[in-house]
Amino acid sequence: MIRMSRVIISAINLTKYFPVQRGFLERLISRKLEYIRAVDGVDLEIKEEETFALVGETGCGKTTTGRLLVRLLEPTGGDIFFRGIRITHIKGEELRKLRRHLQIIFQDPYASLNPRMKIGDAIGHPLEIHDIAKGREKRQIVLEMLEKVGLTPAERYYELYPHQLSGGERQRVVISRAMILKPDFIVADEPISMIDVSLRAKILELMVDLKKEFHVTYLFITHDLATAKYISDRIAVMYLGKIVELATTDELFSNPLHPYVKALISAIPRPGPKAERERLLLRGEIPSPINPPSGCRLHPRCPFKIRICSKEEPKLLEKERGHYVACHLY
Ligand SMILES: Nc1ncnc2c1ncn2[C@@H]1O[C@H](COP(=O)(O)OP(=O)(O)OP(=O)(O)O)[C@@H](O)[C@H]1O
Ligand SMILES: [Mg+2]
């Protein structure tokens, strides 16, 4: 059976610039307003029921992109579509209704839960906000969810407070809260990075199981390519506010094109003889997103740069079927 994969969320030329906060003296010296170009022209299409990973080093704009897509942040420019409908600037009641379909799981399960709210009430809260269930009906739905995420006996966990749970258990609660509305799209922002290493695989497995059951689409944000490889169908790699390469997971690992992506992949520790592990090293540090380099943002660090790289910004173009890269070498 051939299933046509429909696009669920898309972004066109999405940007988010944050004004740089400066001290009083600095403002006296210069009146020029500067911006952090956190997300600077992102195009992407996420398909129904896929797990799409957004990968990149710290500060490259992953979280900002995720928050823009679920409309937790107002974009500076560009457009966002949900099932073909433009949602870039919707507000009020319309936005409230949309929230039911778009959810986010934050990195920090400690900060994501109200310490004074019982676990059961925290998970059931969205059901009340969206007028789906209350009272005994709500309780029943929450208990079933607790069972599903392995917090059993559910009756006991329902009554506990966040501080009585481990990090892994808390993240299960946060995942439950995101899932309880049966959303279409979930941004999972580094959902395992703050929990104990020994518990990470279990949380990933849980997310995979829940995805199958609820037919949800994930945008999975991680700085770790190995995690992305495990969980995702497709991967987009970001560098300084831009997507530099986008492909299926298999394709990206077997045939990386962008020098930045090649460097990231070559840095993943692998067993085997040294000769096979040729590492591609990039010079220097990631530049500031306030004044990103001209042309290709990687050019000051790229060992393969040619003349055009410092002058012209490469566009993200389809090099092979479904494999996009923004690099002048191709
Ligand atoms: N609310 C904000 N105000 C000002 N600057 C911000 C804000 N949020 C993010 N930034 C800046 O925007 C850039 C991108 O940040 P973002 O959090 O999206 O990166 P990230 O890829 O998620 O990084 P990390 O891996 O550290 O989570 C960074 O330079 C960050 O300092
Ligand atoms: Mg982040």
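Which lysines, if any, have their Cα less than 21 Å from the Cα of Lys97, not counting same-chain residues under 8 positions apart? Lys97 reaches Lys134, Lys138, Lys182.
Here the contact order of segment 173-287, divided by its residue count and restricted to Cα pairs under 8 Å and six or more residues apart, works out to 18 percent.
Which value, in Å to one decimal place, does the Kirkwood hydrodynamic radius take for segment 142-226 when every pair of different Cα atoms is included? Mind showing how you got there, number by number?
On the way: mean 1/r = 0.0750 Å⁻¹.
Evaluated over segment 142-226, this radius sits at 13.3 Å.
Dimensions of the chain from C-alpha coordinates, computed as largest minus smallest value along each principal axis and given longest first, are 68, 59, 43 Å. Using C-alpha pairs under 8 Å with a sequence gap of at least 6, the mean separation divided by the residue count of the chain gives a relative contact order of 20 percent. With both labels modelled 7 Å from their Cα along Cα-to-Cβ, the Tyr35 to Asn255 distance reads 3.7 nm.
Of Leu28, Leu298, Leu225, which has the largest mean-square fluctuation in a 10 Å C-alpha GNM of the chain? Fluctuation is largest for Leu28.
The value for segment 162-319 of Rg(Cα) / (2.2 N^0.38 Å) is 1.23. Normalised by the number of residues in segment 44-190, what is the relative contact order in percent for Cα pairs under 8 Å and 6+ residues apart? So the answer I get is 30 percent.
Length gain on complete extension for the stretch Tyr330 to Glu26, per 0.36 nm per residue less the alpha carbon to alpha carbon distance? Each step should come with its number before you reach the end.
Values: separation 304, 0.36 × 304 = 109.44 nm, distance 4.30 nm.
Length gained, Tyr330 through Glu26: 105.1 nm.
DSSP loop trypsin sites (Lys or Arg not before Pro) in segment 236-330 with at most 13 other Cβ atoms within 10 Å of their Cβ, which ones?
Numbers: sites: Lys242, Lys262, Lys274, Arg277, Arg279, Arg283, Arg297, Arg301, Lys305, Arg307, Lys311, Lys315, Lys319, Arg321; in loops: Arg279, Arg283, Arg297, Lys305, Lys311, Lys315, Arg321.
Passing both the DSSP loop test and the Cβ count: Arg279, Arg283, Lys311, Lys315, Arg321.
Sorted from longest to shortest, the spans of the Cα atoms of segment 36-86 along the three principal axes equal 30, 23, 18 Å. From the Cα gyration tensor of segment 54-180, with a ≥ b ≥ c the square roots of its eigenvalues, which class applies: rounded if a/c is under 1.5, or else prolate if a/b is larger than b/c, or else oblate? It is oblate, given that a/c is not under 1.5 and a/b is not larger than b/c.
Taking the chain as a Gaussian network, where each spring joins two C-alpha atoms under 10 Å apart, which residue of Gly59, Gly41, Gly150 fluctuates the most? Sorting by GNM fluctuation, first place goes to Gly150.
Each label was represented as a point 7 Å from its Cα along the Cα-to-Cβ direction; for Asp196 and Glu312 these points are 5.5 nm apart. Note on Leu72, Leu181, Leu33: ascending count of other Cβ atoms within 10 Å places them as Leu33, Leu72, Leu181, the fewest first.
Segment 148-169 and segment 98-147 have Cα centres separated by 13 Å.
Read-outs: derived from the displayed coordinates by stated rules, not from any lab. Everything quoted here is computed from the prediction, not taken from an experiment. A quick note on method: Cβ atoms are made from the backbone with ideal geometry, for glycine too, and the neighbour counts reach across all protein chains shown.
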